[in-house]
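Worksheet for the structure shown next.
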Amino acid sequence: MRLILLGPPGAGKGTQAQRLVDAYGIVQLSTGDMLRAAVAAGTVIGQQAKAVMEAGDLVSDDILVAMISERVNEDDCGRGFILDGFPRTLAQAEALEGMLAEKSLSLDAVIEMKVDDGLLIGRITGRYTCANCGVGYHDENLPPKVAGICDNCGRTDFTRRSDDNVAAVTTRLRAYHEQTAPLLPFYREKGSLKSVDGMADIDEVTRQIQSVLKMG
């Protein structure tokens, strides 16, 4: 099973991707993780990416697609994969389609996690984690059982991401709508786009995703 999860930052793609990994025995492929691994391993693509990043430039689509192409050839991708953080633009989506076609592969589904921007901003700006053990909380939706004390380790130190503020989240949402949202009609025309309610309870989102995969 080969999947893409689409949705703006904070839509819950990471949580649902991990559940799909567990349910279907497939691999979650993060372009960020793959880049770091390729650079650390000193592969040809890793060396190319390192030179680009050290120059302060963005890694090209060609390098990213070549890296993904190598990765999906590995044995652990035999049962399928979920692409995390790629594609982000129409050009990347077209390049990905071409690469998969060369391997006689295709995507089984592209799942859109539909969200409400206003509610999503509240979801993101309210989240924080225990600085000691990393357990996540939310000001309104998931506070600790005892205010100011981590349920898991009992510590009282918490941290928030510096970019989990209204201005930064609004900027990230704008970038998503401008750059990534055009992928929706692209995949809809191909018949691979499926939509679920990303604002629903986590378990309900999982149920909806598994339902549309069975239909597919």
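Take the Cα atoms of region 70-216, build their convex hull, and give its volume per residue in Å³.
Details: hull volume 23.1 nm³, N = 147.
Convex hull of Cα atoms, per residue: 157 Å³.
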Most mobile listed residue (I26, I68, I202) in the chain, GNM with C-alpha springs under 10 Å: I202
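What FRET efficiency comes out for the pair A101/S211, r = Cβ-Cβ distance, R0 = 30 Å, nearest 0.05?
On the way: r = 28 Å, r/R0 = 0.94.
Calculated value: 0.60.
Counting other Cβ atoms within 10 Å, which trypsin sites (Lys or Arg not before Pro) in region 70-118 have at most 14 and lie in a DSSP loop?
On the way: sites: R71, R79, R88, K103, K114; in loops: R79, R88, K103.
Sites meeting the loop and neighbour criteria: R79, K103.
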For region 14-24, take each phi angle, set θ = phi - 60°, evaluate the Karplus expression 6.51 cos²θ - 1.76 cosθ + 1.60, and give the result in whole Hz per residue in order, putting x for glycine and proline. x, 4, 5, 4, 5, 5, 5, 4, 5, 6, 10
Report, by chain and number, residues whose modeled amide H sits under 5 Å from the one on S30, excluding near sequence neighbours (fewer than 5 apart, same chain). D84
³J(HN,Hα) computed for each position of region 166-181 - Karplus, 6.51 cos²θ - 1.76 cosθ + 1.60, integer Hz, glycine/proline x: 4, 5, 5, 5, 4, 5, 5, 5, 4, 5, 4, 5, 7, 9, 9, 4
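Rounded to the nearest 500, what is the chain's calculated 222 nm mean residue ellipticity when only DSSP H runs of at least 4 contribute -39500 (n - 2.57) each, over all residues? Provide the component values of the computation, followed by the final result.
Values: 9 runs with 99 residues, N = 216.
Roughly -14000 deg cm²/dmol at 222 nm, from the helical runs in the chain.
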When the chain is treated as a GNM, springs tying every alpha-carbon pair under 10 Å, which of A38, A93, A167 comes out with the largest mean-square fluctuation? A167
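Given a Förster distance of 45 angstrom, what is the FRET efficiency for L90 paired with V146, based on the Cβ-Cβ distance and rounded to 0.05? Don't skip to the answer; put the middle values down first.
On the way: r = 48 Å, r/R0 = 1.08.
For L90 and V146, the calculated efficiency is 0.40.
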For region 157-216, alpha-carbon Rg and Dmax in angstrom: 15.7, 49
With no solvent term and unit scatterers on the alpha-carbon positions of region 32-149, Debye gives log₁₀ I(q)/I(0) at q = 0.10 Å⁻¹ of -0.50
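Suppose R0 equals 35 Å. What FRET efficiency, 1/(1 + (r/R0)^6) with r the Cβ-Cβ distance, do R79 and H138 give to the nearest 0.05?
On the way: r = 34 Å, r/R0 = 0.96.
Approximately 0.55, to the nearest 0.05.
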Hey, could you pull the Cα Rg and Dmax for region 119-189, both in Å? 16.2, 51
The pairs in K103/K214; K145/K194; K145/K214 lying past 31 Å Cα-Cα in this model are K145/K194; K145/K214
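Compute the normalised compactness of region 1-62: alpha-carbon radius of gyration over 2.2 N^0.38 Å, N being the residue count. List each step's numbers first, then the result.
Numbers: Rg = 14.4 Å, N = 62, 2.2 N^0.38 = 10.6 Å.
Relative to the 2.2 N^0.38 Å estimate, region 1-62 comes out at 1.37.
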Please list the non-local residues whose amide H lies under 5 Å from the amide H of F158, H modeled 1.01 Å from N, same-chain partners needing a gap of 5 or more. A131
In region 1-19, which residues have a backbone nitrogen under 18 Å from the label point lying 7 Å from S30's Cα in the Cα-to-Cβ direction? 3-19
Taking H placed 1.01 Å from N in the peptide plane, check which residues at least 5 places from L6 or on another chain put their amide H under 5 Å from its amide H. I111, E112, M113
Karplus-derived 3J(HN,Hα), 6.51/-1.76/1.60, for each residue of region 68-82, Hz, glycine and proline x: 5, 4, 5, 5, 6, 6, 6, 4, 6, 8, x, 8, x, 7, 10
Going toward the positive end of the dipole of the chain, with +1 on Lys and Arg Cβ and -1 on Asp and Glu Cβ, which of S104, L35, G148 do you reach last? G148
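Read-outs: derived from the displayed coordinates by stated rules, not from any lab. No experiment lies behind these values; they were computed from the predicted model shown. We place every Cβ from the backbone using ideal geometry, glycine too, and count neighbours over all the protein chains shown.
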